[in-house]
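K.L.:
Before anything else, here's the structure in question.
The values are calculated or read from the model by the stated rules, or taken from the named source; none is laboratory data. As the structure is a computational prediction, the values presented were derived from the model and not from experiment. For neighbour counting, all protein chains shown are included, and Cβ atoms are generated from backbone atoms with ideal geometry for every residue, glycine included. Heads up: the accessible areas ignore ligands, DNA and RNA and are worked out on the full protein's heavy atoms, side chains in. Shrake-Rupley method; radii C 1.70, N 1.55, O 1.52, S 1.80 Å.
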Amino acid sequence: MSAPLLEVNDLKKHFRVRGGFLGRAPAWVYAVDGVSFEIARGETLSLVGESGCGKSTVGRAILRLFDVTAGQVVLDGRRIDDLSAGALRPIRRRVQVVFQDPFSSLNPRMRVKDIVAEPIRNFGLAASSADLDARVAALMDKVRLPREAVERWPHEFSGGQRQRIGIARALAAEPELIICDEAVSALDVSVKAQIVNLLQDLQQELGLAMLFISHDLAVVEHMTHRVAVMYLGKIVEVAPKRRIFAAPQHPYTQALLSAVPVPEPGANRQRIILKGDVPSPINPPKGCRFHTRCPYAFDRCRVEEPKLQPTEAGHLAACHLLEGAASAAA
Ligand code: SF4
């Protein structure tokens, strides 16, 4: 098996905030607290979970939008989390991002041609101005926008069209990995489906790896190879898509999936309603972080944190109840 394109090892990102008496004593938000996964070339891994679980922070840490607290991010065998700004520059070309909001992620003072050409110029990818124009035109073809649209301004486009421009800009750098951070969440249902199909087609055509960060499991089911489920800064389950959707192992994943509409008419799925709210990442529960909401919690869950371990080949889950399956899989 070839080496993964991206490896994330025990990644932690803790943000310091004011808190305590009169707001003076510092406190820490444990946004990401020991996350590990890999993405192969050409593979899509979806990172899912409720709002505030830390999934977007993982994406931003990989992009080095801030320094990580601990752990490693390894791209193509090279550690990138500790690189200087200069050494990071060529890496930035290889990892691009498509953000959620197509209205704020494009510079309103730039024409589309300049938005799409910017990464090509920044990374010196065009041999001439004719080559630059040809590359921009080819990117417009790839995202299925008319070539003449390059002369227009972002405000002249719909949300879906703007997201296509954002995808063209990401592709312009010729990346190997694209991080889609809730990239279709702000779009209407029909437009969402079009953008998801476009991303899938582009991935196959260009052999891209993708980290697809989303809270929308119906979309994830449509386009991913594997799924990693996050809860309060930790991954609680990872498995191939078919396994996660057919036989989720972790009680949190089971609850999340129970809320996804079933496409077949007449089919039924028992909805699992979790009690209470997600606890604060400033003071996460001891033991299993999910124990305050888990319908199966028992004494051990309150004191001992379960490890993420295989329940069968390629399927890992962090739950004390699954230890029997884990030893059988070992
Ligand atoms: Fe629930 Fe305990 Fe499993 Fe956590 S370890 S998911 S609290 S049963």
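K.L.:
Condition first: of a type in the set (Phe, Trp, Tyr) and loosely packed, with under 13 Cβ neighbours inside 10 Å. Can you find one or more residues in the stretch 222-238 that meet it?
P.N.:
No, the stretch 222-238 contains no residue that is of a type in the set (Phe, Trp, Tyr) and loosely packed, with under 13 Cβ neighbours inside 10 Å.
K.L.:
ILE179 versus (1) under 30 Å from HIS315 (Cβ atoms); (2) surrounded by fewer than 21 Cβ atoms within 10 Å (Cβ to Cβ); (3) of a type in the set (A, V, I, L, M, F, W, C): which is the lone unmet condition?
P.N.:
With (1) under 30 Å from HIS315 (Cβ atoms); (2) surrounded by fewer than 21 Cβ atoms within 10 Å (Cβ to Cβ); (3) of a type in the set (A, V, I, L, M, F, W, C) applied to ILE179, the lone miss is (2).
K.L.:
With (1) open to solvent by 10 Å² or more (accessible area, probe 1.4 Å); (2) under 27 Å from ASP277 (Cβ atoms); (3) touching a helix residue (DSSP H, G or I) at 6+ places or on another chain (Cβ under 9 Å) as the list, and ALA27 as the residue in question, which single condition is left unmet?
P.N.:
Status for ALA27: all satisfied but (3).
Residue by residue, here is whether (1) over 29 Å from VAL219 (Cα atoms); (2) of a type in the set (Gly, Ala, Ser); (3) open to solvent by 20 Å² or more (accessible area, probe 1.4 Å) holds:
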{"site": "GLY34", "(1), (2), (3)": "no, yes, yes"}
{"site": "ALA40", "(1), (2), (3)": "no, yes, yes"}
{"site": "THR44", "(1), (2), (3)": "no, no, no"}
{"site": "LEU47", "(1), (2), (3)": "no, no, no"}
{"site": "CYS53", "(1), (2), (3)": "no, no, no"}
{"site": "ALA70", "(1), (2), (3)": "yes, yes, yes"}
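K.L.:
Being of a type in the set (Val, Ile, Thr), surrounded by fewer than 18 Cβ atoms within 10 Å (Cβ to Cβ) and either in a loop (DSSP other than H, G, I, E, B) or near the ligand (Cβ under 7 Å from one of its atoms) (or both) is the filter here, so list the residues in the stretch 284-325 that pass it.
P.N.:
Listed by number, the list is empty, since nothing qualifies.
K.L.:
Of everything in the stretch 200-213, what is over 14 Å from GLU43 (Cβ atoms) and either surrounded by fewer than 17 Cβ atoms within 10 Å (Cβ to Cβ) or modelled with pLDDT under 95 (or both)? Give them in sequence order.
P.N.:
Matches in the stretch 200-213: ASP201, GLU205.
K.L.:
Only residues that are surrounded by fewer than 18 Cβ atoms within 10 Å (Cβ to Cβ) and assigned to a helix (DSSP H, G or I): list them for the stretch 242-253, please.
P.N.:
ARG242, PHE245, ALA246
K.L.:
Confirm whether ALA239 is more than 25 Å from VAL303 (Cβ to Cβ) and either out of contact with any Asp or Glu (no Cβ under 9 Å at 6 or more places or on another chain) or modelled with pLDDT of 95 or more (or both).
P.N.:
Criteria met by ALA239.
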